[in-house]
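**Student:** One structure follows; several queries about it will come next.
Nothing in this text is a laboratory measurement; each read-out follows from the coordinates by a stated rule. Given the structure is predicted, the values throughout are model-derived calculations rather than measurements. For neighbour counting, all protein chains shown are included, and Cβ atoms are generated from backbone atoms with ideal geometry for every residue, glycine included.
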Amino acid sequence: MKSVVIVSDIFSNIKELKEAIFHDMISKHYETSIVESGPTKYIVKYFDNTCKWRLHA
């Protein structure tokens, strides 16, 4: 299955990034939790704490 969000993707704004992550989660059946969210920073991680997957934007 093709990822909606891949390394080096560029999004116009945070709303577009959040929508892409949401669609990727739905299509691949996984959950994330927000680590940090602000006007210039957005960090999410895989919901399961045993996984080291994170997204920094």
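**Student:** List the trypsin sites (Lys or Arg not before Pro) within the range 10-47 that fall in a DSSP loop (any state other than H, G, I, E or B) and whose Cβ has at most 11 other Cβ atoms within 10 Å.
**Tutor:** Passing sites in the range 10-47 are 41.
**Student:** Pull out the extension gain between residue 27 and residue 57, defined as 0.36 nm times the separation in residues minus the alpha carbon to alpha carbon distance; nm, one decimal.
**Tutor:** Numbers: separation 30, 0.36 × 30 = 10.80 nm, distance 2.11 nm.
Going from the current span to full extension adds 8.7 nm.
**Student:** While we're on this one: Find the Cα radius of gyration of the chain, compare it with 2.2 N^0.38 Å by division, and give the number to two decimals.
**Tutor:** Ratio of Rg to 2.2 N^0.38 Å for the chain: 1.08.
**Student:** Something else: Which value, in debye to the nearest 20, gives the size of the charge dipole of the range 14-56 about its Cα centre, when Lys and Arg are +1 and Asp and Glu are -1 at the Cβ?
**Tutor:** Values: 7 positive and 6 negative charges, 28 e Å.
Taking the Cα centre of the range 14-56 as origin, the dipole is about 140 debye.
**Student:** Sum up the lysine pairs in the chain that clear both bars: alpha-carbon distance under 14 Å and a spacing of 8 or more or different chains.
**Tutor:** The number of close lysine pairs in the chain is 4.
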